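This report concerns only the one structure given below.
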Amino acid sequence: MTAPSIDVVIPAYNEEKSIGLVLADVPADLVRRVVVADNNSRDATAARAREAGAEVVPAPVQGYGSACLAGLDHLRRSGPPEVVVFLDADYSDHPDEMPLLVEPIVRGEADLVIGSRVLGEAEPGALLPQARWGNRFACLLVRLLYGHRYTDLGPFRAVSWRVLESLGMRDPNFGWTAEMQVKALRRGLRVVEAPVSYRRRTGVSKITGTVSGTVRAGWKIVITVFRYSRGPT
């Protein structure tokens, strides 16, 4: 069986210290290309990404989801892959564990694979208490409303391009990961979790590193989970 084409999308905002590390760990024998969606960085993130061999595209509308959408739009216009992998630019994910996420899709066993930091090994202090409890609460809501047990809404994930296009993703910020996971359940897609490692990020988180960021992200995730629990997706 011919190996599928796999592209990686990395949303990035002021991650000049870590983006090179992330790109160096992406399995070159597995991935066709890497797209870094630069979300108005004020540092040298874009330059460091280009130096490391990534395709850099501007994501002028601020927000995590907006950056992901900008990266996907670039893939759509320049020749989409068969599988897309998303990971963060802060070096908290382990890009070298990408085969764990891609293989279930390649074997025809899954449409969407979520990298679970809860099932895997998280470095002490990598998942802050507010992130851990917020994640647990969101997963509980999903279980109550959708009847499916997730352990994580982590950013490290792989999805079939065909399936991703069918989801009609549109959240511009913190609800992106939750939107993808609950829409997949509503559509009856094959969703699995794979244990992944997680380390302390480089620098301070723009979300869980601040009280306001934590509150805004948590509220948006809850709203997103409720929004798609009934009615059209």
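The values are calculated or read from the model by the stated rules, or taken from the named source; none is laboratory data. Keep in mind the model is a prediction, meaning the values are calculated, not measured. Using ideal geometry, Cβ is built from the backbone for each residue, glycine included, and neighbour counts are taken over all protein chains shown. Accessible surface is based on the protein model in full, side chains and every heavy atom, while ligands, DNA and RNA are left aside. Shrake-Rupley method; radii C 1.70, N 1.55, O 1.52, S 1.80 Å.
General observations
- Charge tally in the Cβ shell below 12 Å around His74, where Lys, Arg are +1 and Asp, Glu are -1, His74 excluded: -1
- Sum of side-chain charges, Thr2 neighbourhood, beta-carbon under 14 Å (Lys, Arg +1; Asp, Glu -1): +1
- The H on the amide N of Asp88, modeled in the peptide plane, is under 5 Å from the matching H of Asp93, each at least 5 residues off or on a different chain.
- Dividing the Cα radius of gyration of segment 45-166 by its Kirkwood radius returns 0.97 for Rg/Rh.
- Distance between the pseudo-spin-label points of Leu21 and Asp43 (7 Å out from Cα toward the beta carbon): 1.1 nm.
- Surface share of carbon and sulfur [accessible, 1.4 angstrom probe, percent] for the chain: 56
- Multiplying the residue separation of Glu82 and Arg136 by 0.36 nm and subtracting their alpha-carbon distance yields 16.3 nm.
- The value given for the chain is a Kirkwood hydrodynamic radius of 17.6 Å, derived from the mean inverse Cα-Cα separation.
- Net charge in the neighbourhood of Arg33 (other residues with Cβ under 10 Å of its Cβ; Lys, Arg +1, Asp, Glu -1) is -1.
- Once the 1.4 Å probe is applied to the protein heavy atoms, the chain comes out at 46 Å² accessible per residue.
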